[in-house]
Amino acid sequence: MTKFVYSFEEGNKDMKPLLGGKGANLAEMKKIGLPVPLGFTITTQACNAYYENNKNLGSEMESEIFNFLEDLEKKTGKTFGSIENPLLVSVRSGAVISMPGMMDTVLNLGLNDDTVKGLAELTNNERFAYDSYRRFIQMFGDVVLHIPKYEFDRVLDEIKRKINASSDTELTVDALKDMIKKYKNIIKRQAGINFPNEPKKQLLMSVRAVFDSWNNQRAIIYRNINDIPHDLGTAVNVQSMVFGNMGETSGTGVAFTRNPATGENKVFGEYLLNAQGEDVVAGIRTPQSIDQLKDFMSGKIYNQFMEIAAKLEMHYRDMQDIEFTFEKGNLYLLQTRTGKRTATAAIKVAVDLVAEGKITKEEALMRIDPMQINQLLHPVFDEDELNKANKLAKGLPASPGAASGKVYFSSEHSAQAASNGEKTILVRIETSPEDIEGMNMSQGILTARGGMTSHAAVVARGMGKCCVAGCGELKIDEERKILKVNDEIIKEGEYISLDGNTGNVYKGIIKTKAIELSGNFGKIMQWADEVRRLKIRTNADTPRDAKTAVDFGAEGIGLCRTEHMFFAEARIPIMRQMIVSDTKEDRIKALDRLFDFQKEDFVGIFRAMGERPVTIRLLDPPLHEFLPQNDDDIKVLADNMNIAFQKLKDKVLDLKEFNPMLGHRGCRLAITYPEIYQMQAKAVITAAIEVSKQDGLNIKPEIMIPLVGHAKELEILRKLVDDTAKQTLKENSCELQYYIGTMIEIPRAALTADEVARYADFFSFGTNDLTQMTFGFSRDDAGKFIDEYKNKEIFENDPFTTIDVKGVGSLVRTASKLGRLEKENLKLGICGEHGGDPKSIEFCEEVGLDYVSCSPYRVPIARLAAAQAVIKKNN
Ligand code: PEP
Ligand code: MG
């Protein structure tokens, strides 16, 4: 029989897959002697069994849960359902990978009309007992019975108004009793059942609800965004309650062992007196800084907590995010986990922990999520612009970055506008997990309530989104879709700007500028460079992009797409002339005019790159992409070129292709019009000669021929390019080394790579086209259905983002092997979008490619990912 339940005493931190993160860490804290309320964990396996059993717990699992409950009763000396000494428990989800706020929690379970009296007597605090009871009914109604929260909030507000209470803590016992009666009516009306009095029934219903919450909409979206597999399941932790709402010597809080925004080595946290955990996270009341705990009970709780925080950080050797509660002056720990942090903090904490001798450099490298580095590379507001900006208000700098966008007051509208291409700022009184999609699609998030550990702050930091939270000066009217601050009124659709580094909110749009990277960032990059084997190149078509990439550490250009160069205003007419030419002579005339432009392009790029290798790809897209498509534009061109409208229109129609991705493009163009590649090859070599001579550099260009599917294509085109290069060198009385290679982006080329390699000095895997052609998905259109493929778990990842190791990867592997069989030293690289994706980079390391090439802003990500790939391979 499978064991579905473990007491905290039975587990440890290495049992996360079974006990979930929360369960494993509660067990670990117990093991190292920290004050953790007793309890047990129902495993993730139990969750999967529940789903396999058509959402039934089954009698075996139920009786196992009750056995552990009995054991808990014995250990605590309290009894479930007893009036004299009732055992109350919390029921909390705990997935293997933490998903903050995504799943459900029920507190104070075990209360009913009888036990509440016992609790009141036992604690000598009737108000506390009834407050706990009304919280329980509300949570149970929301989480287990799915009754909208506002139903309960409405009653709460109504009663507060009636007795003139401004905060929840002012609710009297009578008011609470009245509320309980009304809450129960809501349950009866909305769920059609009486509120269950029987604690064991409450427990089983709650366990089922937590299992169900694994598949609620927001959890599914969160897993999709964060690439968390859908089949992990969640554990459920049942833990005896300790109460932060037992009066003014009780409280609850959340703290990080270091600052999660900056990485500063100082405990950072917040707490509320006389409150339960959910109050801090939900941002209902604005909490106090943990520093203020020093003045509470002569620092007793503060000192004890600091000692524990240090112990936990030392034990886990990483920054921890800790939940705690103190009941009548006694401190308890309810959770510890690796603290989510901004990229700035991740880097600082990693570098500091190495300096403190707590972790090795390699561990430090593994601690940073390469994709998170994106956050650092995002712009901040231009200072001059910022000085001129109209400041509206100041909130908490919850998550760094700078963002301008149109105000939207609901997640749905914000997401909708964003999917239509608008830049949006989601403005909410406070966010809740339902807002996840709108948050993800927005440029930034602004809330009126909540602290640095509120939902908005935690989630935004995880997403790397700019967020200003707890901006109390704002009067947000979500219904009328307006935001009032001082005398200003901002309506939906108007622009505001957020500075996540200062918490300032501005009216209108503010220009941004690139940020400077810290010394710690440089250190991490340097450590990564010491470890990685793969070279990192960039995909860049302009000297400016090339320079940006070099500044980020690019060691060469892996793909310079030459087609973009022809779209400039001065060039496109000549390009069009070339395309519509009827004779080779006319084509050559136009190409001769393009030559000068093209040569200057390459001079600029070679200069920007110095002696670093540069791979220039000859023309790739189908020619119709350069031609005008509607009659008006064709008419203008016909007039300019002095040819008849109909003649030009016929030519345009003639060039139109049904499936241009599979059409007359890439090397096929040069098979039919060799003079195009001749011009480009001549321009590359002439530019290389010029820069070599003028700048005293040794430029060794790499000329790349795209879309080869048959070795013969490359044989012919290699000769064409080679002859042109030799001729150009001869005309200039020059010697210069150059290489001619090909992209591997057609499955046939991969499968016959030994033949192809005979004519190639290098291969560069064009995994965009290779993915397209292996799956038979059009890369321009597949976006429409890929999400559905992910939802249906056909794909774990979009194969255009992360390489499909099994299929496309197998072609890469085969081609690498065959290519190197033919030519031992064949240089291998990748220049599809996958070159900047950490998981794909891991694959490239494993296959033994020489380099990856990615967009300039991804270069630091690739440097770190390449180092991590080596470390993973060695471990
Ligand atoms: C590729 O196909 O992977 C590639 C890099 O070329 P492009 O995206 O220009 O087709
Ligand atoms: Mg391609």
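Rule-based calculations on the coordinates, nothing more; no lab input. Predicted model only: the values in this text are computed from it and were never measured. Cβ sites come from the backbone with ideal geometry, for glycine too, and all protein chains shown count toward neighbours.
What ranking of HIS564, HIS664 emerges when the number of other C-beta atoms within 10 Å of each C-beta is taken as an exposure proxy, fewest first? Don't jump to the answer; show the numbers that get you there.
On the way: HIS564 12, HIS664 16.
Taking fewest neighbouring Cβ atoms as first place, the list is HIS564, HIS664.
Kindly write out, for segment 186-202 in residue order, the coupling ³J(HN,Hα) from the Karplus curve 6.51 cos²θ - 1.76 cosθ + 1.60 (θ = phi - 60°), rounded to whole Hz, with x marking Gly and Pro.
Taking θ as phi minus 60°, the curve returns 4, 4, 4, 6, 7, 9, x, 10, 6, 4, x, 7, 6, x, 5, 5, 4 Hz for segment 186-202.
At what distance in angstrom do the alpha carbon centres of segment 530-605 and segment 806-875 lie from each other?
24 Å
Quick check: the angle from helix 631-641's long axis to the longest principal axis of the chain, C-alpha only, nearest 10 degrees?
30 degrees
Using Cα centres only, tell me the gap between segment 240-289 and segment 192-217 in whole Å.
27 Å
Give the long-range amide H neighbours of THR431: residues separated by 5 or more places, or on another chain, with amide H under 5 Å away, using H modelled in the peptide plane at 1.01 Å from N.
ALA456
If you line up the long axis of helix 343-355 against the longest principal axis of the chain, both from Cα atoms, how many degrees apart are they, to the nearest 10?
Rounded to the nearest ten degrees, it is 80.
Please go through segment 217-293 and write out the GluC sites (Glu not before Pro) that DSSP classes as loop and that have at most 12 other C-beta atoms within 10 Å. Write down the numbers at each step before the final one.
On the way: sites: GLU248, GLU264, GLU270, GLU278; in loops: GLU248, GLU264.
Loop-located and lightly packed - GLU248.
Which order do peptides 613-625, 808-820 fall in by mean Cβ count within 10 Å, highest first?
613-625, 808-820
Find the relative contact order for segment 579-704 and round it to a whole percent, using C-alpha pairs within less than 8 Å whose residues are 6+ positions apart. Walk me through the numbers before you get to the answer.
Working: 120 pairs, mean separation 56.4, N = 126.
Contact order relative to length: 45 percent.
Given a Förster distance of 35 angstrom, what is the FRET efficiency for ARG668 paired with PHE785, based on the Cβ-Cβ distance and rounded to 0.05? Present the calculation step by step, with values, prior to reporting the outcome.
Values: r = 28 Å, r/R0 = 0.81.
After rounding to 0.05, the efficiency reads 0.80.
Test of understanding: ordering LYS200, LYS74 by Cβ neighbours within 10 Å, fewest first, what list do you get? Walk me through the numbers on the way to the answer.
Working: LYS200 15, LYS74 10.
Arranged by neighbour count, lowest to highest, LYS200, LYS74 become LYS74, LYS200.
Can you sort ARG779, ARG154 by how many other beta carbons sit within 10 Å, fewest first?
Details: ARG779 16, ARG154 13.
Fewest to most other Cβ atoms nearby, the residues stand as ARG154, ARG779.
Using the Cα gyration tensor of segment 215-370, with a ≥ b ≥ c the square roots of its eigenvalues, what is the shape: rounded (a/c below 1.5), prolate (a/b larger than b/c) or oblate (neither)?
Numbers: a/c = 2.04, a/b = 1.21, b/c = 1.68.
Judged from the Cα gyration tensor, segment 215-370 comes out oblate (a/c at least 1.5, b/c at or above a/b).
With a 10 Å radius around each residue's Cβ, average the other Cβ atoms per peptide and rank 520-530, 143-153, highest first. Walk me through the numbers on the way to the answer.
Numbers: 520-530: 18.3, 143-153: 16.5.
Packing proxy ranking, top to bottom: 520-530, 143-153.
Given the options MET371, ILE425, CYS467, identify the residue whose Cα lies farthest towards the positive end of the charge dipole of segment 360-500 (+1 on Cβ of Lys, Arg; -1 on Cβ of Asp, Glu).
CYS467
Please name which of GLN239, TYR789, ASN825 has its Cα lying farthest along the dipole of the chain towards the positive end, using unit charges on Cβ (Lys, Arg +1; Asp, Glu -1) and the Cα centre as origin.
Towards the positive end, the residue furthest out is GLN239.
My understanding is that a pair violates if its Cα-Cα distance is over 18 Å; which of LYS300/LYS328; LYS149/LYS484; LYS22/LYS328; LYS475/LYS507; LYS391/LYS423; LYS511/LYS547 do that in this structure? Don't jump to the answer; show the numbers that get you there.
Numbers: LYS300/LYS328 12 Å; LYS149/LYS484 26 Å; LYS22/LYS328 25 Å; LYS475/LYS507 15 Å; LYS391/LYS423 20 Å; LYS511/LYS547 22 Å.
The answer is LYS149/LYS484; LYS22/LYS328; LYS391/LYS423; LYS511/LYS547.
Using only Cα atoms and rounding to the nearest 10 degrees, what angle (0 to 90) does helix 674-695 make with the longest principal axis of the chain?
In the chain, helix 674-695 runs at an angle near 80 degrees to the longest axis.
Quick one: if you stick a label point 7 Å off each Cα along the C-beta vector at LYS74 and LYS3, how many nm between them?
Between LYS74 and LYS3, the simple spin-label model gives 1.6 nm.
Which value at 222 nm does the chain reach when only helices count, each DSSP H run of 4 or more adding -39,500 (n - 2.57), with the total divided by all residues and rounded to the nearest 500 deg cm²/dmol? Could the numbers behind the result be given before it?
Numbers: 33 runs with 392 residues, N = 875.
One gets -14000 deg cm²/dmol as the mean residue ellipticity at 222 nm.
Using modelled backbone amide H atoms (1.01 Å from N, in-plane), which distant-in-sequence or interchain residues come within less than 5 Å of ILE803's amide H?
SER840
Under a Cβ-only charge scheme (Lys and Arg +1, Asp and Glu -1), can you give me the dipole magnitude of segment 337-428 about the Cα centre, in debye to the nearest 20?
On the way: 13 positive and 11 negative charges, 73 e Å.
Once rounded to the nearest 20, the dipole reads 360 debye.
Putting +1 on Lys and Arg Cβ atoms and -1 on Asp and Glu Cβ atoms, find which of GLY401, GLN335, ALA345 reaches farthest to the positive end of the dipole of segment 327-459.
GLN335
Take each of the peptides 156-164, 538-546, 439-447, 496-504, average the number of other beta-carbon atoms within 10 Å over its residues, and list them starting from the highest.
Per-residue mean Cβ counts within 10 Å order the peptides as 439-447, 496-504, 538-546, 156-164.
Where the only charges are on Cβ atoms (+1 Lys, Arg; -1 Asp, Glu), what is the dipole of segment 467-544 about its Cα centre, to the nearest 20 debye?
Working: 14 positive and 13 negative charges, 118 e Å.
My answer is approximately 560 debye.
Using the Cα centre as the reference, give the magnitude of the dipole from point charges on the C-beta atoms of segment 596-714 (Lys, Arg: +1; Asp, Glu: -1; all else neutral), rounded to the nearest 20 debye. Walk me through the numbers before you get to the answer.
Values: 15 positive and 18 negative charges, 74 e Å.
In debye, rounded to 20, segment 596-714 gives about 360.
Enumerate the amide H contacts of PHE765 below 5 Å, restricted to partners 5 or more residues apart or on another chain; note that Pro and chain-start residues carry no placed amide H.
It is ILE744, GLY829, ILE830, CYS831, by chain and number.
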